[in-house]
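Taking it in order: structure first as structure tokens, then the write-up.
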Amino acid sequence: MKFDIPNWLIIAGGIGQIFTALIYPYIRHKVFDWYTDVKQLKPLNQEIAKTYGRYIQGLNFSFGLIAILLTSHLKEQSELAIALTGLIAAYWVGKVATQIAYYPMYEIPKKKIFKIGSYFMNCLFLLFATVYTLLLIYNCIGFFDLY
């Protein structure tokens with residue numbers, strides 16, 4: 001069975017990842033009031049929390065750029081394509097697993113826009129996890145000649 005992932009789907013995922021990077025500061029500030037909570041930490045821990053927030057934002061943006069600018073390279077079925085799609089798939093599958101396992105315990109503010117936004121973001125995360133997992137499988141099938 002031979003299958004292919006359409007370029008438009010990878011590019012749409014890339015655009016979505018850049019969107020998540022750009023919207024991330026708004027979500028932290030308006031939805032979760034994150035900065036108020038961070039201020040309660042010791043100064044070093046504040047900086048660590050902010051740094052990890054920037055890492056997440058930077059990874060989301062970078063993964064999006066890679067998807068948009070290097071679409072065909074993500075489907076080369078090479079060792080590097082396997083490594084990169086495996087890394088990004090693990091990142092998004094981990095995000096989805098964390099979202100399912102831990103986030104339902106927490107309250108999102110009751111505003112309708114935040115509720116709709118949470119469903120939209122969860123759909124995006126599922127899309128990213130699915131696209132990169134499919135890319136990983138596609139690359140492994142081609143590289144290891146499993147057709």
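Of note:
- Note on the range 1-97: enclosed helices (runs of 4 or more DSSP H) holding 1 or more residues that are at pLDDT below 95 and either among the charged types (D, E, K, R) or in contact with an Asp or Glu (Cβ under 7 Å, 6 or more places away or on another chain) (or both) are 34-38, 43-69.
- Residue within the range 65-88 that is farther than 21 Å from Asn7 by Cα and charged (D, E, K, R) present: no
- Residue identified as over 24 Å from Cys123 (Cβ atoms), free of Cβ contacts under 8 Å to residues at least 40 places away in the same chain and in contact with a Phe, Trp or Tyr (Cβ under 9 Å, 6 or more places away or on another chain) among Ala81, Ala49: Ala49
- Residue count for the range 98-122, restricted to those that are touching an Asp or Glu at 6+ places or on another chain (Cβ under 9 Å) and under 20 Å from Phe61 (Cα atoms): 0.
- Among the conditions (1) surrounded by 15 or more Cβ atoms within 10 Å (Cβ to Cβ); (2) under 25 Å from Asn122 (Cα atoms), the only one that Glu76 does not satisfy is (2).
- Scanning the range 31-51 turns up no residue that is loosely packed, with under 11 Cβ neighbours inside 10 Å, more than 30 Å from Asn7 (Cβ to Cβ) and within 15 Å of the chain's Cα centre (by Cα).
- Of all the residues in the range 115-144, those that are surrounded by 15 or more Cβ atoms within 10 Å (Cβ to Cβ) and modelled with pLDDT under 85 number 0.
- Counting only residues that are hydrophobic (A, V, I, L, M, F, W, C), touching a residue at least 24 places away in the same chain (Cβ under 8 Å), more than 21 Å from Thr71 (Cα to Cα) and in a helix (DSSP H, G or I), the range 108-144 holds 2 of them.
- A single entry from Tyr103, Tyr147 fulfils the requirement of being hydroxyl-bearing (Ser, Thr, Tyr), surrounded by fewer than 17 Cβ atoms within 10 Å (Cβ to Cβ) and not in a helix (DSSP H, G or I): Tyr147.
The values are calculated or read from the model by the stated rules, or taken from the named source; none is laboratory data. For clarity, every value in this text was computed on a predicted model and none was experimentally measured. Heads up, the Cβs are rebuilt from the backbone with ideal geometry, glycines too, and the neighbour counts pull from every protein chain shown.
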